[in-house]
Amino acid sequence: MYIQIVEVVLGVPFGYEPNNELNKLLEDFRKMINFCIDYAHKRRITSYAKLRKGVYEEWKRRWDYSTHFCHSACKIALAMLKKYRKKHREGKTEAKKLFMQLDPELYRFYGDKIRISVRPRQFLFINLKFGEYQKKFIYSWKEGKLKIGEVTINENKIIIPFKKEVDLQNPEEWIAIDINESNVTAVSSNPHVLRIDHELRTVHTTYFIIRRGIQKLAKYKPRTAQKLLKKYSDREKRRTEDLCHKISKKIVDFAKQHNLGIVMEDLKGIRKRIKKGRQMNRRLHNWNFRRLQFYVDYKAKLNGLPVVYVNPKGTSSLCPICGGRLAPNGHRLMRCLRCGYEKDRDVTAGINMLRMRGAPLPLKAINEDSNPLLSEMERIVIKC
Ligand SMILES: [Zn+2]
């Protein structure tokens, strides 16, 4: 058994009260970035050391903040230029949004507040606003289980990345997770089938209808309509996030209990599959899939379970036993035209994903005749 250590990082957003001093700092930092971009662009500088050396004297004359702000501005300027050149080849970009990144030299985290070193021995304290979600991270950090990295601050949020080093085990058994519009089906090689019926689509449809109603109002009362739209889209976001947390927790708890590695579809493939589907809800569905996968990914890794991705090509159209074509046969069933294999559509996708991973197949379950696998199915229904 090998041990693979990975660093799991999760950026956790905290709110804060707007504050003039911090706002001034954010505005100055944006100027610093743009100053560095100009300097690097004119002289065609791409190396951090060279840029830092070149701008330093002028930077010190203009701003006189802690030197680390200069380091950070140089790093961000180069990253932005690099990204811009990749796309446009020529020309330069400009920082428009207010944000800054502070390396650990520039700030100190106290759990409920952070302290920014504006100048040597001159500090700015910011009280953080947080709820239950953030509290869990703060406790783990206080217990020394989590470390923190570079924080990002923008006009209304402070994002603190919590880091943890975990030993990823090398499990013998795996669980494949197939995410659909109305359910998440997980098939494990030990074997079990876990089906979580979720209401992500219902939630989305509900709010889609509400939004359409509000848009009619926009003609007469545009301001009220705008306020309502914001209110309902915030509410929708909270509900979907909450659902994604619940679903991913169920899956990871199950995987942990049975010591299973996790197999998921490569996101690029998911994107393709949605494009072919209905257009109306495309963007949000896409976003939900990604969010759910992201939650499963980091929760699994925090628990020391490895996560792998497989190409989803053919997972729902090829027979996992003989590789023949599958054809729909009744409600949600797929049947192999060559060997007669017949099983639930989503379960089949899971078995195919396990096969692609090279994990042992749940043969016992596959070979059972009467409604195979479903007899071993744990059906969990999540409603919100
Ligand atoms: Zn077959």
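The values are calculated or read from the model by the stated rules, or taken from the named source; none is laboratory data. Here the structure is a predicted model, which is why all the values come from computation and not from measurement. All Cβ positions, glycine included, derive from the backbone under ideal geometry; neighbour counts span all protein chains shown.
Structure summary
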read-out	value
Exclusive hit being touching a Phe, Trp or Tyr at 6+ places or on another chain (Cβ under 6 Å), among the basic types (Lys, Arg) and at negative phi, set 60, 113, 50, 86	113
In the range 27-45, the residues that are outside any loop (DSSP other than H, G, I, E, B) and of a type outside the set (A, V, I, L, M)	27, 28, 29, 30, 31, 34, 35, 36, 38, 39, 41, 42
Looking only at the range 178-235, and only at residues there that are among the hydroxyl-bearing types (Ser, Thr, Tyr) and part of a strand (DSSP E or B), the one that is nearest to residue 313 (Cα to Cα)	185
Test result for residue 242, without any contact (Cβ under 8 Å) to a residue 40 or more places away in the chain, out of contact with any Leu (no Cβ under 9 Å at 6 or more places or on another chain) and either part of a helix (DSSP H, G or I) or assigned by TED's automatic domain parsing to the domain that holds residue 358 (or both)	no
Close pairs from the range 67-89: first closer than 15 Å to residue 151 by Cβ, partner of a type in the set (Lys, Arg) and in a helix (DSSP H, G or I), Cβ under 7 Å, at least 6 apart	71/52
Inter-residue pairs, beta-carbon under 6 Å, first closer than 13 Å to residue 266 by Cβ and in the range 307-333, second away from the ligand (no atom under 15 Å from the Cβ) and among the acidic types (Asp, Glu), 6+ apart	307/297; 309/266; 311/266; 312/265
Residue match in the range 94-117 (condition: without any contact (Cβ under 8 Å) to a residue 12 or more places away in the chain, part of a strand (DSSP E or B) and under 22 Å from residue 27 (Cβ atoms))	yes
Test: residue 247 is in a helix (DSSP H, G or I), aliphatic (A, V, I, L, M) and exposed (fewer than 13 other Cβ atoms within 10 Å of the Cβ)	no
Test: residue in the range 219-226 that is surrounded by 16 or more Cβ atoms within 10 Å (Cβ to Cβ) and among the aromatic types (Phe, Trp, Tyr)	no
All positions within the range 138-155 that are without any contact (Cβ under 8 Å) to a residue 24 or more places away in the chain and of a type in the set (A, V, I, L, M)	146
